[in-house]
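A short write-up of the structure that comes next.
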Amino acid sequence: MTYKENQVLDAGYKATRMGVILNVFMGLSKGIVGTWSGSAALIADALHSVADAFTDVFAYFMLKICVQAPDEDHQYGHLKFETAGTLILAVVLAIIAISIGYSALENAAHGHFLNITPLALVVTILSIGINEFLYYYTKRLGQKVESSILIANAWHHRTDSLSSVAVLAGLSVSLLGFPIFDTIAALFVTALLLKIAFDIGSEAFHDLVDAAIDPAFLERLTNSIHNHDGVVGISSLRARRVSGKAYADVNIEVDPLISVSEGHTIAETLERSLKKSHQSLHDITVHVEPSGAVHNTTKSTKKLRNEVKKVLNQHIAYDVHNTKINIDDLESGLYLSIHFSELSKENEEKLGGIPKDLKKPEGAFDHVTFWKNMNTKN
């Protein structure tokens, strides 16, 4: 396991430990006081706190899965388990929200309005403070290790804080002789939870279906690629986000007459440069294609290469193994360059008639160039 993955697990463990301890404490406190005072909103908030303890544990176990290395069943890794966990967390939130709203309406329909005590207010205020602490604590850990499920869980704690504010308002008005406001506060909590569940769930869903990434990030990535040495242009660029990390694949255009190895070097250096300059970019695949290349061509380079060898054999004697034949099918024409390792003066004089014969085959060459090695020895 890498240092980064250990950091993620350590952050998840700290957030889970703190969340479980405080949520269980709040759940018991609000449950006891809510039952004694008869507050539907406070009882609903107690159930919410207990559910949070379970979601904290769930988030941690999903983190443990997502940091595992690729295996035979998951060759691209396990990062989408974190996204799936975030989506499940959103569904759980929605179910809790609906149950809270249903219970509040049922109590109101049957006229179950009991006495609200000042102690309920004290417990609710304490809940607001604890949830705000959990929000900042979990969010800071999630941002530090770039974990979407920890950040989602942090917003879950912020939702608890806001719902407790709604409960506090409802209880306060209920104490003044308007118990119906306790039900209204519970319904407000329901609406708030549904909104958060939708926001978290839609973001996770977009990750699972490989939705397009933030346009601003894509623009920064495009500028970095254009500014890299050796890149002539970009024919296509796609990016997606998984668990807060970006994945991309790009087709770059390079000078059509450079070697395959030089094109590979440009791709390798570009990949390293992009990962270094864009911290959220987890992986990028770079495909190299010649600038001005003919797409969907029907020409067979194998047939053309055999034709070139046939013509060469008719004119000169040459070393087959040390002669390189390059064929470039570009929009400006079909290019042929032949590199001879050694060539006698007699054979060199015979090269003049070769280009004419090379125009005879189907898909004749428009440009023919001959090269021979220069002797640099004294």
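A few comments on the model shown:
- S236 versus L105: modelled label distance in nm, points set 7 Å from Cα along the beta carbon direction: 4.9 nm
- Three-way shape call for the stretch 301-372 based on the alpha-carbon gyration tensor, with the a/c threshold at 1.5: prolate
- Listed values for the stretch 50-55 are Karplus-derived 3J(HN,Hα) couplings in whole Hz (6.51 cos²θ - 1.76 cosθ + 1.60, θ = phi - 60°), namely 5, 4, 4, 4, 5, 5, and x replaces Gly and Pro.
- Gyration tensor verdict on the stretch 215-290 (Cα atoms; rounded if a/c is under 1.5, prolate if a/b is larger than b/c, oblate otherwise): prolate
- Between the beta carbons of V122 and I325, assuming R0 = 56 Å, the FRET efficiency works out to 0.05 to the nearest 0.05.
- Here's the list of aspartates and glutamates a cross-link from K356 could span, going by alpha-carbon distance under 15 Å and ignoring same-chain residues fewer than 8 apart: E307, D366.
- In order through the stretch 145-159: 3J(HN,Hα) via Karplus (6.51 cos²θ - 1.76 cosθ + 1.60), integer Hz, x for Gly, Pro: 9, 6, 10, 5, 6, 5, 5, 5, 5, 5, 5, 4, 5, 5, 4
- Near V254, the amide H atoms lying under 5 Å from its own belong to V232, E289, S291; only residues 5 or more places off or on other chains count, and H is placed 1.01 Å from N.
- Global geometry of the stretch 186-317, whether rounded, prolate or oblate, following the gyration tensor of its Cα atoms and the 1.5 cut on a/c: prolate
- FRET efficiency for the S202 to D283 pair, using the beta carbon distance and R₀ = 25 Å, is estimated at 0.55.
- Counting every other Cβ atom within 10 Å of each residue's Cβ, F205, F81 order from fewest to most as F205, F81.
- In a fully extended conformation the segment linking A293 and W371 would gain 25.8 nm over its present Cα-Cα distance, using 0.36 nm per residue.
- Measuring against 30 Å, Cα to Cα, the residue pairs K303/K350; K30/K144; K276/K302; K14/K245; K303/K372; K275/K324 contain K30/K144; K276/K302; K275/K324 as the ones spanning a longer distance.
- Residues whose amide H lies under 5 Å from that of I284, counting only those 5 or more places away or on a different chain, are A248; hydrogens are built 1.01 Å from N in the peptide plane.
- The stretch 25-31 - phi-based ³J(HN,Hα) in whole Hz, Karplus 6.51/-1.76/1.60, Gly and Pro as x: 4, 5, x, 5, 5, 5, x
- The stretch 212-283-the stretch 306-322 distance, computed between alpha-carbon centres (Å): 40 Å
Quick note: the coordinates plus some simple rules give every number you see, no bench work behind them. All values reported here derive from a predicted model rather than from experimental measurement. Because the Cβ atoms are built from the backbone with ideal geometry, glycine has one as well, and the counts that use them run over all protein chains shown.
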